[in-house]
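No value in this document is a laboratory result; all are computed from the given coordinates. Model, not experiment: these values are computed from the prediction. Here the Cβ is made from the backbone with ideal geometry for all residues, glycine too, and neighbour counts use every protein chain on show.
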Amino acid sequence: MAILQAVMQKLTGKPAEAGVEASAPSLNNRVNALFPLFELQQKRQLLEVICDRTGEQFQSLILDLDFNNNVVVLDDLFPAPVGGLFQPGELFTVKHHKDGMVLSFSMPLEALVIENHAPVFKLRMPEQVEYRQRRSQPRIALSKQQPLTVKLQSPRRTPWYATANNISSGGMRVVVGGNILDQLQPGILLPQCEFSFHEDFQVRCQARAKSFRFLRRPYRHTEISLEFIDVAPQQVLQLKHLISSVQAPQAA
């Protein structure tokens, strides 16, 4: 409530009394539809910012919510973009995770300006945002006693042999021995992802690296979250059936 009162006072120039709110119902509805953004701004929460064209991932925070110009003002991106400055029209996806939920929405870049010797990003304000369940597809953990072996092809077309930690009908998280971060970047395409549950259920597709990290313990390895690309519809149905059949006994 304190945040809402502060927002209404900022936008109207008057204390957020009942009469003020009643005189501006459309503004009040707009503030309510974007309330999570005001909360993130006030608490100076770091956001994940992804350029849809390049797949580059950054961190930033909200500096201002400008209703007069209908833009969200983001601070400079970290780390600095490797390809130089972005142009108006670039689409960015913004995410924030909280209590197992995810806030995710896209905004096109309206303008890039320099303020106090640093770039500031002005993106078109969305109509509404809300937190949703983090995963849109059910995911199951895989047993270490019966690991699922995955054969990948790196962006350099060399083979990688991995083990899957979990899987959904849309992707999986795999472990590859060693440090291979020099061959990865967000959104990069892996030309081949191949695995088999049995001889009648083999999947061979492309995959996109969504996120990754290098760990030194219990041994040196790289974890990669993969999104399946061009999986046959029948195999997607098979994966969904398999996951549902595994989850059913757990729910019971």
*Take the cross-link list LYS95/LYS240; LYS95/LYS151; LYS98/LYS210; LYS98/LYS144; LYS98/LYS151; LYS43/LYS122 and give me the ones stretching past 23 Å between alpha-carbons.*
LYS95/LYS240; LYS95/LYS151; LYS98/LYS144; LYS98/LYS151
*Amide H of LEU148: which non-local residues (sequence gap of 5 or more, or other chain) have their own amide H closer than 5 Å, using H built in the peptide plane?*
ALA164
_What whole-number distance in Å separates the alpha-carbon centres of the range 93-127 and the range 213-240?_
28
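So what is the relative contact order of the range 27-69, in percent, for Cα pairs below 8 Å that sit 6 or more residues apart?
34
Could you work out the relative contact order of the range 139-251? I mean the mean sequence separation of Cα pairs under 8 Å and 6+ apart, divided by the number of residues, in percent.
25
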*Relative contact order, percent, of the range 129-200 when contacts are C-alpha pairs under 8 Å separated by at least 6 residues?*
33
*³J(HN,Hα) computed for each position of the range 124-129 - Karplus, 6.51 cos²θ - 1.76 cosθ + 1.60, integer Hz, glycine/proline x*: 4, 5, x, 6, 7, 9
_Are there any trypsin sites (Lys or Arg not before Pro) in the range 156-248 that are in a DSSP loop and have at most 12 other Cβ atoms within 10 Å? List them by number._
ARG156, ARG157, ARG216, ARG220
*Residue farthest toward the positive end of the dipole of the range 171-222, with Cβ of Lys/Arg at +1 and Asp/Glu at -1: which of LEU190, ALA209, ASN179?*
ASN179
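If you keep only loop residues by DSSP, which GluC sites (Glu not before Pro) in the range 98-187 have at most 12 other Cβ atoms within 10 Å of their Cβ?
Here the sparse-neighbourhood loop sites are GLU127, GLU130.
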*If you plug each phi of the range 227-237 into the Karplus form 6.51 cos²θ - 1.76 cosθ + 1.60 with θ = phi - 60°, what whole-Hz ³J(HN,Hα) values come out, in order, with x for Gly and Pro?*
10, 5, 10, 6, 6, 4, x, 5, 6, 4, 5
*Please list the non-local residues whose amide H lies under 5 Å from the amide H of ILE188, H modeled 1.01 Å from N, same-chain partners needing a gap of 5 or more.*
ALA209
